[in-house]
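Student: First the structure, which I've put down as structure tokens, then a few questions once you've had a look.
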């Protein structure tokens, strides 16, 4: 197995552990809100279903904020530890730098993404609307009336579907936001190493070469490194790292890619595997 493949597996194991932990809380919060939202839907006119203007207030944004600090800190700290444990040859101090720079960096990154994070509830509302509209359209085609639709929205079958939908949303959110925060944590660490110790790093994109990976990500070459602060060209989108929102939802949601790093010292390269 190549160093890049080993790193891919290691990064994804750590990210999955974090995302699973937060997915549980997100599922509970989203399902509770989806259930409340459903109860407020007016289906008295099946040809003009009225959905609530506002989605119920949730703690989703707060949970995602906690996820950012958790994932960002874990990955930033692990990157620094790997460096000083000898992933690269170095005569620098064996101590781990203070964590304040990590907290400040992650807070700044979170601030740049907060407006997008706050729209997560809107996607939950849209999913519930699509689910209810499907039930209403089926009822109309089958010649059923309002009472049948109202009963359908209270059945255990519908609630089970709503719970699955909520869990799917939660897992997608947790995976995507963990990817973004974890990738940024590593990126921030390279900035710290450069500013404090003059260490220069290069990065390369690691994609899993399988049918689930986006074509644009599969085309990224592991052999081609760029500067730590440079943007990758991912199918025409400029991205600093996997999970960078600059790439748009099509490049970010449920992405499994990882970053590989190389330290540059004169004409020698040392790879973080």
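The values are calculated or read from the model by the stated rules, or taken from the named source; none is laboratory data. It should be emphasised that the depicted structure is a prediction, and the values quoted were computed from it without experimental measurement. All Cβ positions, glycine included, derive from the backbone under ideal geometry; neighbour counts span all protein chains shown.
Student: Inspect all residues belonging to the range 36-53 and state whether any of them is out of contact with any strand residue (DSSP E or B) (no Cβ under 7 Å at 6 or more places or on another chain), within 30 Å of residue 111 (Cα to Cα) and assigned to a helix (DSSP H, G or I).
Tutor: Yes: one or more hits.
Student: Let me ask something additional. Scan the range 197-214 residue by residue and report those that are surrounded by fewer than 16 Cβ atoms within 10 Å (Cβ to Cβ) and over 19 Å from the mean Cα position of the chain (by Cα).
Tutor: Correct list: 197, 198, 200, 209, 210, 211.
Student: While we're here: Taking the range 113-126 as the search range and keeping residues that are touching a residue at least 60 places away in the same chain (Cβ under 8 Å) and either in contact with a strand residue (DSSP E or B) (Cβ under 9 Å, 6 or more places away or on another chain) or surrounded by 12 or more Cβ atoms within 10 Å (Cβ to Cβ) (or both), which one is farthest from residue 76 (Cα to Cα)? Steps first, please.
Tutor: First pass over the range 113-126, keeping only residues touching a residue at least 60 places away in the same chain (Cβ under 8 Å): 113, 116-117, 120-122, 124-125.
Restricting the remaining residues to those that are either in contact with a strand residue (DSSP E or B) (Cβ under 9 Å, 6 or more places away or on another chain) or surrounded by 12 or more Cβ atoms within 10 Å (Cβ to Cβ) (or both) gives 113, 116-117, 120-121, 124-125.
Working: 113: 18, 116: 23, 117: 21, 120: 25, 121: 28, 124: 31, 125: 34 Å.
Only one residue tops the list, namely 125.
Student: While we're looking at this one, here's another question. Can you list the strands (runs of 3 or more DSSP E) found entirely within the range 185-260 that contain at least 2 residues being touching a residue at least 24 places away in the same chain (Cβ under 8 Å)?
Tutor: In the range 185-260, the matching strands (runs of 3 or more DSSP E) lie at 200-206, 232-234.
Student: Another question about this same structure. Among the candidates 163, 167, 151, single out the residue that is farther than 30 Å from residue 241 by Cβ, in contact with a helix residue (DSSP H, G or I) (Cβ under 8 Å, 6 or more places away or on another chain) and assigned to a helix (DSSP H, G or I).
Tutor: It is 163.
Student: Let me ask something additional. Picking from 187, 194, which residue would you name as being exposed (fewer than 15 other Cβ atoms within 10 Å of the Cβ) and within 21 Å of residue 106 (Cα to Cα)?
Tutor: Matching residue, one of 187, 194: 194.
Student: Let me ask something additional. If I ask for residues that are out of contact with any strand residue (DSSP E or B) (no Cβ under 6 Å at 6 or more places or on another chain) and closer than 21 Å to residue 190 by Cα, which ones from the range 235-255 would you list?
Tutor: 238, 240, 242, 243, 244, 245
One line per residue, one yes/no per condition, for (1) closer than 30 Å to residue 202 by Cβ; (2) surrounded by 15 or more Cβ atoms within 10 Å (Cβ to Cβ):
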| site | (1), (2) |
| --- | --- |
| 9 | yes, no |
| 17 | yes, no |
| 50 | no, no |
| 77 | yes, yes |
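Student: Another question about this same structure. Of everything in the range 214-234, what is within 23 Å of residue 75 (Cα to Cα) and out of contact with any strand residue (DSSP E or B) (no Cβ under 9 Å at 6 or more places or on another chain)? Give them in sequence order.
Tutor: The one that is within 23 Å of residue 75 (Cα to Cα) and out of contact with any strand residue (DSSP E or B) (no Cβ under 9 Å at 6 or more places or on another chain): 229.
Student: Taking the residues in the range 238-250 that are closer than 12 Å to residue 214 by Cβ and modelled with pLDDT under 95 as candidates, determine which candidate is surrounded by the most Cβ atoms within 10 Å (Cβ to Cβ).
Tutor: Among them, the one singled out is 247.
Student: If you don't mind, another one. Checking residue 25 against (1) within 18 Å of the chain's Cα centre (by Cα); (2) buried (at least 17 other Cβ atoms within 10 Å of the Cβ); (3) within 30 Å of residue 205 (Cα to Cα), which test does it fail?
Tutor: Every condition holds for residue 25 apart from (3).
Student: Another question, if that's okay. Given the condition in a helix (DSSP H, G or I), surrounded by 15 or more Cβ atoms within 10 Å (Cβ to Cβ), under 17 Å from the mean Cα position of the chain (by Cα) and modelled with pLDDT of 85 or more, answer yes or no: does some residue in the range 87-107 qualify?
Tutor: Among the residues of the range 87-107, at least one is in a helix (DSSP H, G or I), surrounded by 15 or more Cβ atoms within 10 Å (Cβ to Cβ), under 17 Å from the mean Cα position of the chain (by Cα) and modelled with pLDDT of 85 or more, which makes the answer yes.
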